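One structure is given here, and the rest of the page talks about it.
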Amino acid sequence: MTNGNQDYPARTKLLKKLIDSFTKEGFQSLRMDDIAKSMDVSRATMYKHFSSKQEVIEGVVRIFIDYIEKLEERTEDGDERSFGIWFQQLFEQSIALVGKISDVFLKDLQAAFPELYDELKHVLHKREEQTLRFYRDGQDRGIFNAINEKFILLQDNVLLREILNVKYLLYNQTTVHEVLRDYYQFKKIQLFKAGKLDLLDDALIEPVIEHFAGKFNRALN
């Protein structure tokens, strides 16, 4: 098997093809033949990059971890406008994680590869702690409203996942673009004090919403 750095882009491209199916259906029942089919390559090509199912799953988990850790470390002595920027980056990543890391994937990961599950959960927990510090710091500096920061975090984990559910969209006759735009406005007004809303440049978030709306719609079809 090729393990050099030059092989990394090809491996990553193949692994990303699996994420949608892993998110929807998990991976426990998949054989290597099924994985090759999802990658849209032959078995021979797949085995040039991956020697086992575990190596495939390790690669997918590594993509998730790298993405989570990509969120820029926030300097707590930054100016007030940095709160608007980091809020938008956090919002963007929260949407992405809902689309990537589903309950069914986590359940399969815990059952089949508990060490990988623990590693991913550790990184997710670290992100949660980082986010809570952000909310607390914003309250201390008079930028955010004084609300329970753990409720805000839970809201992203539960409400965001619910409003992006197909049943919710159909029942309420709405679109992914509309619910993402409304959720952004809801969170912005909920979190930022009225006199601090000008710290946000909403024009920057619209392309993000368009991007994710397109991705979710393609995944639904």
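The values are calculated or read from the model by the stated rules, or taken from the named source; none is laboratory data. All values derive from a computational prediction rather than experimental measurement. A quick note on method: Cβ atoms are made from the backbone with ideal geometry, for glycine too, and the neighbour counts reach across all protein chains shown. For accessibility, only protein heavy atoms count, side chains too; no ligands or nucleic acids. Shrake-Rupley method; radii C 1.70, N 1.55, O 1.52, S 1.80 Å.
Values for this structure:
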| read-out | value |
| --- | --- |
| Any hit, segment 6-15, residues being assigned to a helix (DSSP H, G or I), at pLDDT 90 or above and open to solvent by 70 Å² or more (accessible area, probe 1.4 Å) | yes |
| From the options GLY138, GLY142, residue that is out of contact with any His (no Cβ under 6 Å at 6 or more places or on another chain), without any contact (Cβ under 8 Å) to a residue 60 or more places away in the chain and in a loop (DSSP other than H, G, I, E, B) | GLY142 |
| Extreme residue, least open to solvent (accessible area, probe 1.4 Å), among residues of segment 28-61 that are in a helix (DSSP H, G or I), free of Cβ contacts under 8 Å to residues at least 40 places away in the same chain and small (Gly, Ala, Ser) | ALA36 |
| Residue among ARG161, ARG181 that is open to solvent by 70 Å² or more (accessible area, probe 1.4 Å), within 17 Å of SER94 (Cβ to Cβ) and in contact with a Ser or Thr (Cβ under 9 Å, 6 or more places away or on another chain) | ARG161 |
| Candidate set from segment 109-144 (those that are under 16 Å from PHE192 (Cα atoms) and among the aliphatic types (A, V, I, L, M)); member that is surrounded by the most Cβ atoms within 10 Å (Cβ to Cβ) | ILE143 |
| Within segment 145-154, considering residues that are open to solvent by 60 Å² or more (accessible area, probe 1.4 Å) and in a helix (DSSP H, G or I), the one farthest from ILE68 (Cα to Cα) | PHE151 |
| Hey, GLN185 at positive phi and without any contact (Cβ under 8 Å) to a residue 40 or more places away in the chain or not | no |
| Matching entry among LEU169, LEU159 (being touching a residue at least 12 places away in the same chain (Cβ under 8 Å), closer than 30 Å to GLN28 by Cβ and in a helix (DSSP H, G or I)) | LEU159 |
| Which numbered condition LYS24 fails, given (1) modelled with pLDDT of 85 or more; (2) farther than 29 Å from LYS188 by Cα; (3) open to solvent by 30 Å² or more (accessible area, probe 1.4 Å) | (1) |
| Among (1) without any contact (Cβ under 8 Å) to a residue 24 or more places away in the chain; (2) in contact with a helix residue (DSSP H, G or I) (Cβ under 8 Å, 6 or more places away or on another chain); (3) assigned to a helix (DSSP H, G or I) - the single one ALA96 does not satisfy | (1) |
